[in-house]
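Everything below concerns the one structure shown next.
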Amino acid sequence: MRPTSVRVLALSLALGLIVSACGGAPTAAPADTPAPDTPTQAPANTEAPASSGEVAKVVIFVGFGTGTDPDQVAAQEALAQRFNESHTDIQMEFLIVPNEEATERYLAMVAGGNAPQLVGPHGTSTIAKFLDQWEDVTPYIQRDNYDLSDFYGPATTINKYPELDAGLPLGLYPSFIFYNKDAFDAAGLEYPPSDYGDTSWNIEKLREVAIQLTLDENDLTPLDAGFDPATIKQWGYADTWTDMRGQMTMFGAPTQGRPTSDDQKMALATSAEWLFGAQWLHDGIFVDHFIPDSAGQSAIDADTGDPFGGGHVAIWYSHTWYMSEGLNELPFKYNIAPLFFNQKGERISRIHADLFTMPKTAANKDAAWEVMKWLVAPEQIVDVCKIYGCLPARKSSQAAYLAYMQERFPGLDYDVIFTAIDYLDSPHHESWVPEWGKVNDALNNAMSTLYTDATADPAVVLDTANQDLQKILDEYWAGQ
Amino acid sequence: MATRFRKPLSLARREALAGYAFIVPWLIGFLVFTVGPMLASLYYSFTDFNIIDPPRWVGLDNYIRVFSGIPEYLMTGDPRQLGDPLFWKSLQVTLYFAALALPLNLLFSFILAVLLNQKVPGVNIWRTIFFLPSIIAGVAVALLWVRILNPKIGILNVFLQDVVGIARPPGWLQDPNWAVPALVIMSLWGVGGSMIIYLAGLQGISTELYDAAKVDGANAWHRFWAVTLPMMTPVLFYNLVLGTIGTFQYFTEVYVATSGTGDPQRATLFYNLYLYQNAFRYFDMGYASTMAWILFVIVLTLTALIFRSSDAWVFYEGQLRGK
């Protein structure tokens, strides 16, 4: 081969690859979301109602949360048809985007001046990530004298910030535990109580029970001689489908799942409650072995992907949204029960709350507001929540929702679900903090250490995370 | 009115015009979709930019953030003194991966090519078998290997436990000490591409050289060392350049394998993954663009060094040393 031609070929390819690497850098990104600082005003872009013949289009962007499964897509199309048949001036259309593409697609639409009229259903984390991008619906509520009294109180406050009411409540997802009755029977254990007043159901009792429910491949528990933690086939307890903030919420820190002070200037990840929680978690994984470590979780993912439904975890702490994902055709009997009391004798049962939001830059906001109202109206809200698996945010819809759930999942203690709302977390574990993504990643790095390193000192892990958080906060405020 | 005739174009000129006409579509694509975004990202690297709000010029702030705090870090050893500790962490992870993956990939694909260059029965079938994995896309490969490397139920650890007899095999992607080596193993899956290039190079070596070596009494090892290896250095050089660039662009597999987190304990926080996080998770496009341009400079420098070093170790048939 001639030297010149080889060099030219290699150089061309090298430059081409380098250029494509740098040229291929992302071209669209949203802003970090500083705290909203504009006072509430009248609706900024209130348009005149569509005149006869004019049809306002309302595109609903679905992808940040639930709503992308095939059966949900079909149900949403039917819902849109129902709306469109009853309205001549507004046409509703669902835009379904896979979750992993949602951020890029949404930003591209906004950047291109083509923001969807509504986004949702999504929860507190999405609202927090794009906090200053949402339209405050307070002026619309005031203009229409919209009655909020039928909504559960928390549903109207979880996604409300001092300067932003992100939207009308659609649904709630209270949390509680799911337990495998067959596993309890096999271990000769009493089921967890469904009575929220039973204080014997506490964190120490949970630990005691969960250890006995943990089994290795020889059906030995951690209390038995010869137990092999490397071959665990059933763990006693898990709360692994949430992040560090979610997992620390139950331990009752003054700011609960939020790792920052009220003025958002001080990192608080080393509170006594978080320290207790981190130590309890780490001991549960590596000393008592009733919580799956990172390798155990990856084995569950590679097997069925469902910790509880796959029979890998006997007590599973999750939300109502899990019911539409993991409770179908289970080969064992199960029920639900309240979350246990924490080490302080408190019960903090975190909650999720979904709604539809209006991007500030969207066109046809008045039409979007009308669609938002329609979606959460008493006539529709149960049907909409059936699609998304949420508990309707309207108290008046409780009976209809209960009947639907009892038919779908007979024999469960449904009082557990409704009463859990009274024990929600505030401040919310997904609520806004400066540099939301960086703060969560720093905390989740700490959680990764807790789940992977048997020799880690949880106090040191949290201290490191807290210093990282403080640096993030300091840099954020220095730039304001 | 007199008719004016245009002078016909010469053949060479017509050929040149036809050539330009053929490359125009590519040229337009290159300018619009490569050069344009590159220049845009260069501009954004000097801004505080989120696509929703207009970019705000911040001068060298993004670059200062990357390189500030180095003396303080060197004095204290505390990475928090660095302007952006995660930038350096991601660079460290990428360099560690490159140090392992690059030589192993070069070596492994070369050995395979040498083996598949032998006259053995069914050699074309063997070549196909070893080449096939390299044509499977990155996402599919990552999903496959995540399962293979699963510490509890993955086939690799089952093999290590049941066949090799290792009682406690590595946790691979769940263990911060083994996560990068696991990705290196995963990267070997795609050596078929380099292997084919080596194979073409091996088959291009003149048999006269081997014959002459045999006449001189060279055994198989001598022939490999004195003929095959030197004659393959241009191909090695080519694969080294491409491998270096590819290593610094490593993204898809780790994004899929760790869901974009860089877990466990940021052991897999590759440079491009952190760049992506800045762009699409932290919504800091200005800083992400800065990282892209720093990567450009790093890769360009390394490529230039490889080119510069090639005079010392790349041989071309018929070339006189020192000329």
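We did not get these values from a lab; they are worked out from the coordinates using the rules stated. This structure is a prediction, so every number in the text was calculated from the model and none was measured. Neighbour counts run over all protein chains shown; Cβ positions are idealised from the backbone, glycine included.
Semi-axes of the equivalent ellipsoid for segment B:120-173, please: Cα gyration tensor eigenvalues, times 5, square-rooted, ordered largest first, whole Å. Don't jump to the answer; show the numbers that get you there.
Values: eigenvalues 150, 62, 7 Å².
Ellipsoid half-lengths, sorted descending, are 27, 18, 6 Å.
Out of all Cα-Cα pairs in segment B:188-272, roughly what percent, to the nearest whole number, are more than 22 Å apart? Display every interim value, and only then the final one.
Numbers: 1740 of 3570 pairs.
For segment B:188-272, the fraction of Cα-Cα distances above 22 Å is 49 percent.
The equivalent ellipsoid that matches the C-alpha gyration tensor of segment A:279-430 spans semi-axes of 33, 20, 18 angstrom, in descending order.
Taking the helices alone, chain B has a mean residue ellipticity at 222 nm of -19500 deg cm²/dmol, built from -39,500 (n - 2.57) per DSSP H run of at least 4 residues and averaged over all its residues.
If you count, for every residue in B:277-288, the Cβ atoms of partner chains within 10 Å of its Cβ, what is the mean? Please report the intermediate quantities before stating the final value.
Numbers: counts 3, 4, 9, 8, 8, 10, 13, 7, 8, 1, 1, 3.
Mean partner-chain Cβ count within 10 Å for B:277-288: 6.
Here, P(r) means the percent of Cα pairs in each 20 Å bin from 0 to the largest distance; for the protein assembly as shown it is 13, 41, 32, 12, 2, 0. Look at A:Glu104, A:Glu135, B:Glu317 and count the other Cβ atoms within 10 Å of each Cβ; fewest to most, that gives B:Glu317, A:Glu104, A:Glu135.
Screening chain A for whole DSSP H helices with an alpha carbon extent of at least 27 angstrom along the helix axis and a mean Kyte-Doolittle hydropathy of at least 1.0 yields A:3-23.
Take peptide B:28-35, look around each residue's Cβ out to 10 angstrom, count Cβ atoms belonging to other protein chains, and average those counts.
Numbers: counts 0, 0, 3, 0, 0, 3, 6, 2.
Per residue, the average neighbour count from other chains is 2.
With the biggest extent put first, the Cα atoms of segment B:85-313 measure 66, 48, 27 Å across the principal axes. Look at the stretch A:291-302: the mean tally of other chain Cβ atoms within 10 Å of its residues' Cβ atoms is 5.
Only Cα pairs under 8 Å and 6+ residues apart enter the sum, and on that basis the relative contact order of chain A stands at 24 percent. Entry note, segment A:202-342: relative contact order of 27 percent, from Cα contacts under 8 Å with a spacing of 6+ residues.
Think of it as helices only: each DSSP H run of n ≥ 4 in chain A is worth -39500 (n - 2.57), and spread over all residues that comes to -12500 deg cm²/dmol at 222 nm.
For segment B:11-64, what's the relative contact order in percent, using C-alpha pairs closer than 8 Å and at least 6 residues apart? Averaging sequence separation for qualifying contacts and normalising by length gives 20 percent for segment B:11-64. Looking at chain A, the pairs of alpha carbons with a distance over 36 Å make up 36% of the total. Straight-line cross-link reach from A:Lys395 at under 19 Å between alpha-carbon atoms covers these aspartates and glutamates, not counting any fewer than eight positions away in the same chain: A:Asp147, A:Asp150, A:Asp354, A:Glu379, A:Asp383, A:Asp413, A:Asp415, A:Asp422. Label-to-label distance, B:Lys119 versus B:Val297, with points set 7 angstrom from Cα along the beta-carbon direction: 5.6 nm. Coupling constants for segment B:187-202 follow from the phi torsions by the Karplus curve (6.51 cos²θ - 1.76 cosθ + 1.60, θ = phi - 60°), and in residue order they are 5, 5, 4, x, 6, x, x, 5, 4, 5, 5, 4, 4, 4, x, 5 Hz; glycine and proline get x.
The orientation-averaged projection of the convex hull spanning the C-alpha atoms of segment A:272-342 amounts to 5.7 square nanometres.
Protection proxy ranking, highest mean first, for peptides B:14-20, A:229-235: A:229-235, B:14-20, where packing is the per-residue count of other beta-carbon atoms within 10 Å, averaged.
Going by how many other Cβ atoms sit within 10 Å of their own, how do A:Asp463, A:Asp136, A:Asp354 line up, fewest first?
Fewest to most other Cβ atoms nearby, the residues stand as A:Asp463, A:Asp136, A:Asp354.
Kirkwood Rh and Cα-based Rg: tell me the resulting Rg over Rh for segment B:11-64, rounded to two decimals. Mind dumping the intermediate values first?
On the way: Rg = 18.4 Å, Rh = 13.8 Å.
Reported Rg/Rh (Cα atoms, Kirkwood Rh): 1.34.
Derived scalar couplings between HN and Hα for segment A:216-226 equal 8, 5, 9, 6, 8, 9, x, 7, 8, 5, x Hz in order, rounded to whole Hz, by the Karplus curve 6.51 cos²θ - 1.76 cosθ + 1.60 (θ = phi - 60°), x for Gly and Pro.
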